[in-house]
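Down below is the structure, laid out as structure tokens.
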Amino acid sequence: MTGEILPVPNRRTETRHATPGNTCNHFQKYGMTCDDFDRLLSRAAGRCELCETPEGETPRGALVIDHFQGAGLFFVRGLICDRCNSVMSRHDRSAEWGPSSLPWADRARSYHLAAFERPTAEEFERADRYIASRRAYKVKDRPAVPIARPETVVVRLDRSMTVAADKLRRHLTDRQRARLVALLSNPE
């Protein structure tokens, strides 16, 4: 080495894969330099690293950066399609395995162990303990959110028209009142 000082990667230097004037998404979200991302792209060779579907044939037409996060760990695993990203969420136990995703379980495990950022054996062990401790998310586990029913307004037309008009004024917006007047004015 000649004692050359390399610049520290920052949002101004990591712009090679971004639109002009912007910072690369891989740097902002995953802390990957443009050189790291180029190596990741080279490794994927234009295909999903899990199912090997060519990038252009994926539902989105692009691959996404897959990562593991939990137990104080964060590492990039690779580039995969949206469908395989769903498979990996099942591997990480953020969703349940289903009949269509279960056949991918062994392949997902192998892909996880071949992570791009090369975690140590100890880090993989911590990740495995974290994954095993998680309870798979089920939609039915989500707390019920009460749906606000619109208030029902009863306007009795067999009584005073003044009372009916007052109720309508209180419960209709200006736009709704204008629409009602237009409908009542129309002779058809």
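List of remarks:
- Evaluation of A62 against the conditions (1) closer than 30 Å to A132 by Cβ; (2) part of a loop (DSSP other than H, G, I, E, B); (3) assigned by TED's automatic domain parsing to the domain that holds I131 shows that the sole unmet condition is (1).
- Residues of the range 101-124 that turn out to be surrounded by 13 or more Cβ atoms within 10 Å (Cβ to Cβ) and touching a strand residue (DSSP E or B) at 6+ places or on another chain (Cβ under 8 Å), as a count: 7
- Condition check for A164 on (1) at pLDDT 85 or above; (2) surrounded by 10 or more Cβ atoms within 10 Å (Cβ to Cβ); (3) of a type outside the set (D, E, K, R): one failure, at (1).
- Qualifying residue in the range 5-12 (condition: surrounded by 13 or more Cβ atoms within 10 Å (Cβ to Cβ) and among the β-branched types (V, I, T)): no
- Any hit, the range 13-30, residues being among the acidic types (D, E), touching a Phe, Trp or Tyr at 6+ places or on another chain (Cβ under 7 Å) and closer than 25 Å to S89 by Cα: no
- Top-ranked residue in the range 98-134 [being within 21 Å of the chain's Cα centre (by Cα) and at pLDDT below 90; ranked as nearest to D82 (Cα to Cα)]: S101
- All positions within the range 11-39 that are in a helix (DSSP H, G or I) and under 21 Å from the mean Cα position of the chain (by Cα): N25, H26, F27, Q28, K29, Y30, F37
- Scanning the range 49-59 for residues that are buried (at least 16 other Cβ atoms within 10 Å of the Cβ), part of a loop (DSSP other than H, G, I, E, B) and either of a type in the set (D, E) or outside the structural domain of C84 (by TED's automatic domain parsing) (or both) yields a total of 1.
- Any hit, the range 71-90, residues being under 19 Å from K29 (Cβ atoms), under 15 Å from the mean Cα position of the chain (by Cα), part of a loop (DSSP other than H, G, I, E, B) and among the hydroxyl-bearing types (S, T, Y): no
The values are calculated or read from the model by the stated rules, or taken from the named source; none is laboratory data. Since we're looking at a predicted model, the values are computed, not measured. FYI the Cβ positions are ideal-geometry reconstructions off the backbone, even for glycines, and counts take in every protein chain you see.
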